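The values are calculated or read from the model by the stated rules, or taken from the named source; none is laboratory data. Fair warning: this is a prediction, and the values are worked out from it, not measured in the lab. Don't worry about glycine lacking a Cβ; one is built from the backbone with ideal geometry, like all the others, and counts go over all protein chains shown.
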């Protein structure tokens with residue numbers, strides 16, 4: 001069992017149970033995020049699978065797709081500036097940092113919204129994971145599967 005006093009078990013993973021915050025409100029991958037005049041955010045076309053066409057030689061044709069990652073935190077009792085990091089894990093297990101940035105939390109319902117526009121350009125078909133880390137602890141994972149399939153021909 002995890003030695004942290006506020007942790008529960010979920011399968012083989014320790015899940016931090018911190019009632020004081022911060023609290024993860026949203027973590028999603030979508031095509032874009034709208035910010036309205038009243039500062040309300042809307043995630044448009046949330047995705048977890050993107051299909052890329054294969055050319056005649058079996059190679060992906062233009063294997064890139066613009067995505068937006070949206071992470072919204074609510075402070076709870078957390079106040080101050082903290083480190084937020086988004087990491088991507090490829091199907092082979094290779095990790096890369098998508099974003100590392102400070103977030104400022106003012107407490108209670110106040111929080112931080114992070115919107116990251118990036119290009120999804122997979123090297124291989126398979127499941128990619130985007131992990132959200134807060135102060136070095138993983139809060140959640142977001143899956144994004146790359147599917148490569150032959151182009152349909154007519155005629």
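Observations on the model:
- The numbered conditions (1) under 11 Å from the mean Cα position of the chain (by Cα); (2) crowded, with 18+ Cβ neighbours inside 10 Å are all true for residue 85 except (2).
- Condition broken by residue 16, with the remaining ones in (1) modelled with pLDDT under 70; (2) in contact with a strand residue (DSSP E or B) (Cβ under 7 Å, 6 or more places away or on another chain); (3) farther than 23 Å from residue 86 by Cβ satisfied: (3)
- When we screen 107, 111, 93, 100 for residues that are over 18 Å from the mean Cα position of the chain (by Cα) and either touching a residue at least 24 places away in the same chain (Cβ under 8 Å) or over 11 Å from residue 134 (Cβ atoms) (or both), the only hit is 107.
- Looking only at region 55-82, residues that are modelled with pLDDT of 85 or more and part of a strand (DSSP E or B) come to 15 in all.
Condition check ((1) in contact with a helix residue (DSSP H, G or I) (Cβ under 7 Å, 6 or more places away or on another chain); (2) within 12 Å of residue 73 (Cβ to Cβ); (3) surrounded by 14 or more Cβ atoms within 10 Å (Cβ to Cβ)) across all residues:
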position: 91; (1), (2), (3): no, no, yes
position: 108; (1), (2), (3): no, no, no
position: 112; (1), (2), (3): no, yes, yes
position: 115; (1), (2), (3): no, no, yes
position: 118; (1), (2), (3): no, no, yes
position: 124; (1), (2), (3): no, no, no
